[in-house]
Structure formats: C-alpha cells, structure tokens
Amino acid sequence: MKEMSRIVKIVTNFIYGFIIIFGFYIIAHGHLTPGGGFQGGAVVASAFAMLLISYGQLKAKKFLNINIFSLLESCGLTMFIVVAFLGLGTTFFYNFLANSGSWFGNMVIPGINPGDMNTAGVLPLMNIAVGLEVFAGLGIIVLLMADGAEYTKKKENAENDR
Amino acid sequence: MNLLNHTPILILALPLLAAFLIPIIGKINKKATGIFATLVLGLSLILTIILAVKILSVGPQIYVFGAKSPLLTLPSSLKFPIRIMFQVDAMGIFMGLITALVSFLGAIYSLAFIDKKDGLDSYYSLLLLLTVSMFGMEFTGDLFNFFVFLEIASMASVSLICYRGTDLGEPVEAGFKYMVVSSIAALMVLFAIGIFYGEYDVLNIAAIASVIKYSQLDKIALGILVSVLAMKAGAVPMHMWTPDAYSEAPAPITMILVAASQASLYAIFRVVFSLYNITLNTLAVGWIIIIFGLLSMFIGVTMAIIQKDIKRLMAYHAISQTGYMLLGVGVGLAVLANPTALQRYGITAMEGGIFHIMNHAMYKGLLFLTAGALFFRTGTRDLNKMGGLAHYMKYTTIFFIIGAAAIAGLPPFNGFASKLLIYESVYKFNPLLSIIAMVVSILTLASFVKVFHSAFLGPKLPQFIEVKEVPRSMVFAMAVLSFIIIFFGLFPDLIVKNLVHPAVMSLIEQFKYTSTVLGGM
Amino acid sequence: MKKIIFGIAFIVFFSFLVISAINMRPFGLPTFSEMDDYFIENAQSEAGANNVVTSIVFDYRGFDTLGEATVLFTTIVGIVALFRRVKK
Amino acid sequence: MIGNFPYITVIIYIGCGIYILMFQKNLIKLAIGINLIENGINLFLITLGFKKGAVAPIYTQAPSGQSMVLPTPQALTLTSIVIGIATTALILSMAMMIYKHYGSIEVNEVRRLRG
C-alpha cells in the first residue's frame, strides 16, 4: 500500500496512543466490565492497522517489527498455558488465586457492587496473557497480509513486463 | 503419584506447550526444533500407552478441568456437569494410540524428509498442533470443545497442505478446497450444538445422552452431524477434497491427515452410539451408514485404478478403505436394537470395522511413506516416469510390498485380519454386501500390482543412476510400521480380545458412558 | 445439469434449517436454564469475577479458550508458513 | 409461530451464505459466503441465549431487580467469532497465493490452468 496524505499521518500520530491505552484498559478490566483479552487485543491491533495504512507498508515495517510481535505472541501464549499448568496441583485450569488473599484474591461482595480490580484470581492474568497474544497475533496477520499483497502484486507486474 | 491421574491432560498439554515454544527455539537454533518436537511426541506416546494400560485395566477415565478434584463431575447442587471434562474410554484411547503412534513416526520421518532451508519451525509447530487437535477430538467429553478441536485440526491440516505452496500452485488450490469444505463442516457442527444447547441447555455429551428424546429437532441435528462428519472423514458424497489434499501435502503429513480424518469417523461413532444409541431408529440410520460405506468402497476403488499419480491413487484407496469401516460399524448399528442378532454378528462386524481403523492407519501410512521416499529420491510422483527402482531402493521396495499386501487383505498381514471379521459378519447380515466388499478388495489388489510393476520392476532407467536408499530416519519409520503390520497380522486375536473388544463394548453400552459422568443416576 | 442438482440440494438443506427454526422453543423464554442460573449465582463466589461471561470464558470453560488461542496461533503460523518466501 | 421469528431471520441469513457458497465462482465471494454463515450461526447462538426483559450478566453497577440473560451462549460466541477471524484470514491469504500462481481467482479458470 502506498502511504496516505500528510493530514492522515498527523491525525494518526495523535490518536494511536489513546487507542492503545483504551485497548489495554479493556484487557485489564476484563473481569469487571464487559470485554476481556480478545476484545482488548483486537482494539490494540486496530491501532496497528491504522498505523500501517496511514504510513504505507514499506515505512510501517520500520516501527512495526514482525519479529517482536512473534516473540510477544509466543510469550503471551506460554504465559497463558503456564498459568493453566500452575493449577495442576488440583486440576489443569484450577483458579488457585481466587478468594485466596494473595495477588488477585480479594473476596467479592455478592450482588451488585462497584467492582474491585483486585479480585477474580487467575482471570486477570489470563486476560493479560490472551490480550498480549491476540494483539501481537493480529498485528502479525495485518503486516503479513500487507506484505503478501505487495508480493503477489509485484509478481504479476513482473510477468507483464517480461 | 499425583502425576498419574493427570495423564489425560498431560498427553495433550505438553505438545501444546512445545508448539508454542517452537517459534522461540527456531530463532535460537534451526535444527533443534525437529528433535525437540520428536522428543515431545515420543513422550506423549509413552503417556498414551500408560493411559491405555490404565483404562483397559481399571475403566474409563474422567478428567474435569478446573474442579476441586479431577473426578468431581457434578458440583454439589446440580444434576448436570457444568465444567469441560475429558472422558476417555476404551474407544477414545484406541484412537489416541493410533494418533500418538502415527504422529511420532511422522515426526521421525520428516526429520530427513523436509528440506532444511526455511520454514522449519512453522512445519513442526503445525505438526504438533495437528496432533494436539486430534488428541482433543478423541478425548473430549464436551460437544463445544469437540468443535474447537475440529477447527484446530482443519486449520493445522490446511496450513500443512499449503506448506509447499510458496512456489507451487497446486498445494494452495488443494488447501483452499479443503479449507472451504472443513469450515462448512465445522459451522454446521456448531449449528447442531446450538440446537442441542437450545433444547437441553447442557453441552456435555453424556448429559445430553441421558436427556435426549429424539424429537423432530434431534433428527435434524443427527442428520446434520452425520452427513457433515462423513464429509470430513472423506466418505463419498463429498470426497472431492481427498485426492488433492492427500497428494499435495508432504508425505508424513498425508499419513497424519489419514489419522485426522479417522478422528472425524470416530466422531460419527461417538455421536451415533454414545449420544443417541437406542433412541434413534437404528435400522434406518444403520442402513444410511452402510450405503455411505458401499458408495465410498466402490467409487474409491474404481477411481483409483485409472490414476497415474501414485499419491492420488493411494488417496482414492483411502476413501475406499474408509468405506470398509463404515460398512462394518453400519452393520453393527443396524442390529443394535435386537440383542440376539447383535450377539450373533453385530459385535463381530463392529470389531472388524474398528480394528480396520487401526490397520488402515498403519498400512496406508506405510504406503504414503514409501510414496514419499520415491518422491524424495526421484522428485516425481508420476508412475509413467518411474521404473526399475527396485534395483536401487531395496528397503523401500520391501516396505511397499508389505503395505500393498496388507491393503489388499492377503493372509499373513493385518488387513486380512480385520477384513475377514467384516466379511464373516456382514455375510450373515446381508450376503450381497460382503460380496461387494470382496470384489472391491480384489480390485484394490489389481491396482497395487499395477503400481508395483510400473514403479519398481522393469529395466534400470538412465536418469535414476545416482538414486540410492533413503536416509536412516525414514527407513526407521517405515520399518516400525511394517513390524506392527506383521505383528497384528500374525496375532490378530491378541489385539482384538484386549484392545478392540473393550472399545466396541464401550461404544455399545451407552448407560455405562452416561453413568460414569452422572454418578450412576 | 450440475446447477439443478446443487439447486435441489440447497432447497432440501435450507428446508431442514427452517424446520429446525420453527420447532425451536419460543424466543425469549428458555425452557431449561439450570446451568446458566448456576453460573449467574456462583460466578462471584467461585470465580470471584463480576463479569459472569468472563468467568465462564476463563474459569468454568477455560479449556475452550485455550483451544481458541491455539486456533489463532495455528492461523498465524500457517500464514507465516505460506508467505515465508516474501521476506527474502 | 411468531415467537420464533428471530430464528427464521437468522436462518435466512445463513441461507444466503450457503447460496453464495454453492453458486459463486469467485474465491473472494466464497470467503464472503463463509463469513456470512459464520456470523449467521453466531447470531443463532446469541438468540438462543436471550431472556425476555433481562439485562447483561455483569454485576458492576447493574440495574438492580432485573434478571440476567443466559451467559453461556455469549462465551461460545466469543470463541466462534475468533475462529471466524482466523478462518477468513487464512482463506484470504490462500486466495492471494492462488492469484500469484495462476493470475486469476475464478474457480473454473484456476482448474483450467491447472490442467
């Protein structure tokens, strides 16, 4: 994709920070408000897609590096399955942190309550892990398909020139 | 030792963790990914054998995720299970053994088969994910969990079919066709799950089985599930994807794909026997499955004879062999209602059908590996271009003879053992069916003699002068498969008595399946 | 000729779906809902989360979500394998 | 009969997707067809989980005194939506590669070139 006009780039520079922060907000508050790992990750990935489109595929490669995304994605997934493995004392996906007083272990007031971040044991950890994996993964998909579009198009022009 | 009662999940979780780590390992050292993947698959093969011994001695194993203890199926205040659980009975672990063995040998074979240039970590990661999804499909006791693993299986197998697609056109086209078929199949399975959830508000197979009433809706759900899973297993009406997918994928992956489509076949048996069992009109549904089987047998073999490409020929044979399994189990289902006929020949028919799944996975895998060895050395799959390879590739020729004899059902090999069971019992049910089965078996032998003649016999061709035997890791994988084929062929009743019979009984006795979960209600 | 066969198959399949839609229970009144009532009552005490749906997705049916993340990972590795020559 | 009207609209939605899959020849249209069926079935799952006069199953600042909708279909649909993204991404990248190799994304042309 060729890059867009200067106006779009200025607006993008201004906005993408807020989108990423909003995405992390959704990931972190997954167990209180509607949302969670998948939805928050998709919001953050939409910021990367916006950057890619406004700066065009060649320039975007400089600050949206595929290897970092691939590393982030593997770390997110490994964290998710390791948190599931930690419950192996009782069973595979056991929520060993809930109501246990340690990290995310506060008791929840039953019924309607304003919502306390420090609850729901394993859930926030898993939300963060899945959010990490989804936004890195969707980032890779967007970048690779942009590369692919360039690559398949170039091939066709090469055939026409010959 | 608390690790032992976590075996069902460790078989699945360790390869999954390895699949997630492989992209990182791939960055550090390219060659380590292959060996790491093979070790992990070997470990999960050992765990599967441990679990199989435990199940065949003690009984079906339950593993509930996230509950206080692995066996706590029902929370205190409820009659229905609410968590996802693995319910591994004799039939599940029977298929699990096939999956573990086939994927372990596939990993060993591809150590030498896949070129080292690039994309190695993607290949092994996808291979591990395909194995994990097949284990998941066979062990799970939850319908929606089955749908998720069915989807992972189709995604992983499509990506592996397109693995050689960066510079060749055909693999991507074959992968696209398979992707469209398997995503429709998965979506329709999800629609059937929606129907079950809408009616009974429960997702566990055993819980639905205890509540199901075979109403108008359940008939539609059954129709959708059986037809769609038969499509995924490669039965005739929708078998167009099988020849392309099997011939374009790399050889070890084709072997695992055969086992993957048998996992969908296992899913049909699970739906028909454990979910519905007596509640459905066994004769009608039995005859539908028999017709599926007959069509697959006949069309598979007639299309196979005219093929020139060696892997396409074997792919059509895979369809016709799937027909045998459907025939055997279809007869067993047709007589499920009247116990006298069931005792007389129904159980032997099902034993033949299910034993044939194991045998087919073994000799079809061996045949695809030999075809891969030929492709590895000569670079072509076209039978007309090959010739006189017996002079150079001694071992591959022996393995091919073993595989071809087994698929045709010649006595000392395992194909004969299961086909004999099918012939005997199906003859008592309806003589015409077993005659067709025998004719198809003869045609299979005819087509493999043709392949053997055109590929191996004949004079030494000039362009194959420098061809020599395949590397040791490929020969080892083929040798293990041939040893199993011969061992099963010589002692079939040993395998049937303590591996196949419990599997058949676990399918037939639905009350045992439901009582293990609902606590003997 | 092929179009006629596809047309008949489409009509038969579509009528299956419509019959299942008609026979399904009325829209807003679920007949059985013990499992969901259990989730609504016990999500706060057992999983400690206010959002019942997230407690199902990550605690009661967490294994589905692990399978889910694996599907996304498989697709990404598949696309990386498909476009791997692009980088050279 | 009128109680099931939402289900019928969902079934028509799925029917359009199946129609596209059966009769269209362009690969991108096949991808659109699969996406239509995907969204149709997600909609079907959600309509199964609705309870008349009920509110979203979240306890943070929820309006008091209201019953809550069934949460399980929403969890199933979340999984099925991400599967939809994954399927669409894979199909579109395969369509790109087919276009690279065969120069066309019409099904019959691809088969003709493939010989």
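Every read-out reported here was derived from the displayed coordinates using simple, explicitly stated rules and does not represent laboratory data. Given the structure is predicted, the values throughout are model-derived calculations rather than measurements. So basically every Cβ, Gly included, is an ideal-geometry build from the backbone, and we count neighbours across all protein chains shown.
Could you run the Debye sum over the Cα atoms of the protein assembly as shown, one equal point scatterer each and no solvent, and tell me log10 of I(q)/I(0) at q = 0.06, 0.10, 0.11 Å⁻¹, two decimals?
-0.38, -1.13, -1.39
Around C:Gly48, under 10 Å between beta carbons, what's the net of Lys plus Arg minus Asp minus Glu among the other residues?
So the environment of C:Gly48 carries a net charge of -3.
For n ≥ 4 DSSP H runs only, could you compute -39500 (n - 2.57) per run for chain B, divide by its residues and tell me the 222 nm figure to the nearest 500?
-24000 deg cm²/dmol
Between B:Arg344 and D:Ser67, with labels modelled 7 Å along Cα→Cβ, what's the label distance in nm to one decimal, could you check?
According to this spin-label approximation, the distance is 5.5 nm.
Which of the trypsin sites (Lys or Arg not before Pro) across segment B:419-521 are loop residues per DSSP, with 15 or fewer other Cβ within 10 Å?
Sites meeting the loop and neighbour criteria: B:Lys460, B:Lys468.
Report, in whole Å, the centroid distance computed from the Cα atoms of segment B:48-65 and segment C:1-79.
Cα centres, segment B:48-65 to segment C:1-79: 29 Å.
Only loop residues by DSSP count here, and only those with at most 10 other Cβ atoms within 10 Å; note down the GluC sites (Glu not before Pro) in segment B:433-521 that meet that.
Qualifying residues, ordered by number: B:Glu466.
If you plug each phi of segment B:354-361 into the Karplus form 6.51 cos²θ - 1.76 cosθ + 1.60 with θ = phi - 60°, what whole-Hz ³J(HN,Hα) values come out, in order, with x for Gly and Pro?
6, 4, 5, 4, 5, 4, 4, 4
Using +1 at the Cβ of each Lys and Arg and -1 at the Cβ of each Asp and Glu in segment B:281-490, identify which of B:Leu490, B:Ser473, B:Leu389 lies farthest towards the dipole's positive end.
Farthest along the dipole direction, towards plus: B:Leu389.
So which lysines can B:Lys460 reach, going by Cα to Cα under 29 Å and dropping same-chain residues fewer than 8 places off?
B:Lys308, B:Lys311, B:Lys364, B:Lys385, B:Lys394, B:Lys450, B:Lys468
Can you quote the Å³ per residue value for the convex hull of the Cα atoms in segment B:281-490, rounded to an integer?
99 Å³
What list of ³J(HN,Hα) couplings, whole Hz, do you get for segment D:83-88 from phi and the Karplus terms 6.51, -1.76, 1.60, once you set θ to phi - 60° and write x for glycine and proline?
Going residue by residue, I get 5, x, 4, 4, 4, 5 Hz, with x marking Gly and Pro.
Taking a 19 Å limit on the Cα-Cα distance, which of the listed pairs A:Lys153/B:Lys177; B:Lys116/D:Lys100; B:Lys27/B:Lys117 fall beyond it?
A:Lys153/B:Lys177; B:Lys116/D:Lys100
I'd like the distance between the alpha-carbon centres of segment A:73-106 and segment D:50-67, rounded to an integer number of Å.
Segment A:73-106 and segment D:50-67 have Cα centres spaced 29 Å from each other.
Can you tell me the 0 to 90 degree angle between the C-alpha axis of helix A:37-63 and the longest principal axis of chain A, rounded to 10?
That helix lies at roughly 20 degrees to the long axis.
Enumerate the calculated ³J(HN,Hα) couplings along segment D:59-69 in order (Karplus 6.51 cos²θ - 1.76 cosθ + 1.60, θ = phi - 60°), each rounded to whole Hz, writing x wherever the residue is Gly or Pro.
Coupling constants for segment D:59-69: 8, 6, 6, 7, x, 6, x, 10, 6, 10, 6 Hz.
Taking the alpha-carbon distance from B:Lys31 and a cut-off under 13 Å, which aspartates and glutamates remain once sequence neighbours fewer than 8 residues away in the same chain are dropped?
B:Asp115, B:Asp118, B:Asp121
If Lys and Arg each add +1 and Asp and Glu each add -1, what is the summed charge of the other residues whose beta carbon sits under 13 Å from the beta carbon of B:Lys385?
Result for the local shell: +1.
So, in nm, how far is label D:Ala54 from label B:Asp382 when the simple model puts each one 7 Å beyond its Cα toward the Cβ?
Going from the D:Ala54 label point to the B:Asp382 one covers 6.4 nm.
Any idea how far apart B:Lys497 and D:Lys29 come out in nm if each label point goes 7 Å out from Cα toward Cβ?
6.2 nm
Once R0 is set to 25 Å, what does the formula 1/(1 + (r/R0)^6) return for the Cβ-Cβ distance between D:Ile2 and B:Leu78, expressed as a FRET efficiency to the nearest 0.05?
That pair, D:Ile2 with B:Leu78, gives E of 0.15.
Using all alpha carbons of segment A:6-161, what is the percent of pairwise distances in each 5 Å bin, ordered from the shortest bin to the longest?
Reading upward from the zero bin: 2, 9, 14, 16, 15, 13, 10, 7, 6, 4, 2, 1, 1, 0, 0.
If you wrap segment C:2-87's Cα atoms in a convex hull and average its projection over all directions, what's the area in nm²?
11.4 nm²
Lysines near C:Lys3 by alpha-carbon distance under 16 Å, same-chain residues fewer than 8 away left out - which ones?
Straight-line reach from C:Lys3, under 16 Å: D:Lys25.
If you average the C-alpha positions of segment B:370-387 and of segment B:235-297 separately, how far apart do those two centres end up, in angstrom?
29 Å
Which ordering of D:Tyr13, B:Tyr63 is given by a fewest-first count of other beta-carbon atoms within 10 Å?
Ordered from fewest to most neighbouring Cβ atoms within 10 Å, D:Tyr13, B:Tyr63 come out as D:Tyr13, B:Tyr63.
For segment A:48-99, rounded, prolate or oblate, judged on the Cα gyration tensor with a ≥ b ≥ c (square roots of eigenvalues), a/c < 1.5 rounded, else prolate if a/b > b/c?
In terms of gyration-tensor shape, prolate.
Once amide H atoms are placed 1.01 Å from N in the peptide plane, what residues at a sequence separation of 5 or more from D:Val55, or on another chain, have their amide H within under 5 Å of its amide H?
Amide H to amide H, under 5 Å and 5 or more residues apart or across chains, D:Val55 pairs with D:Ser67, D:Met68, D:Val69.
Within 10 Å of each Cβ in D:10-23, how many Cβ atoms from other chains are there, averaged over the peptide?
4
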